[in-house]
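Only one structure is covered here, and it is reproduced in the block below.
The values are calculated or read from the model by the stated rules, or taken from the named source; none is laboratory data. Predicted, not measured: the structure shown is a model, and the values here were computed from it. Note that each Cβ is placed from the backbone with ideal geometry, even for glycine, and that neighbours are counted across all protein chains shown. Please note that ligands, DNA and RNA were not included when accessible areas were found on the heavy atoms of the full protein model with its side chains. Shrake-Rupley method; radii C 1.70, N 1.55, O 1.52, S 1.80 Å.
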Amino acid sequence: MAELAYHLALWLQSSSDGHADFELDSMQAEEGLIRIARSDEGWRVGSIFTPGFWTSPVALEVLVAEIKRFDRAVREGIAGTGIDPAFIPEP
């Protein structure tokens, strides 16, 4: 979870002129395990394990709010184990 929060935070930071699609790039998981893609209707989340299934499209603001909520939960969980979550960039 911490690695996903880390990569999502970097993805949010890299959006100076709009977001590119996101694919989790991890040494511990297959490429595309988690994907976020822009569509005409909004942003959708999916996975290579269910290639025909995507979430309903949402506005970027909704997606960003949910990523930040996930980030806070991960940070709290990490801090609860006694580890400083500062290694995760701020989203």
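I'd like the residue in region 32-46 that is open to solvent by 20 Å² or more (accessible area, probe 1.4 Å) and not in a strand (DSSP E or B) and, out of all such residues, is farthest from V62 (Cα to Cα).
Ranking the qualifying residues of region 32-46, first place goes to L33.
How many residues are in contact with a strand residue (DSSP E or B) (Cβ under 6 Å, 6 or more places away or on another chain) and assigned to a loop (DSSP other than H, G, I, E, B) if we restrict to region 1-30?
Of the residues in that region, 1 qualify.
In region 47-91, what count of residues is obtained for those that are part of a helix (DSSP H, G or I), open to solvent by less than 40 Å² (accessible area, probe 1.4 Å) and out of contact with any helix residue (DSSP H, G or I) (no Cβ under 9 Å at 6 or more places or on another chain)?
Of the residues in region 47-91, 1 are part of a helix (DSSP H, G or I), open to solvent by less than 40 Å² (accessible area, probe 1.4 Å) and out of contact with any helix residue (DSSP H, G or I) (no Cβ under 9 Å at 6 or more places or on another chain).
So which residues in region 34-91 are under 24 Å from G18 (Cβ atoms) and among the small types (G, A, S)?
Result: A37, S39, G42, G46, S47, S56, A59, A65.
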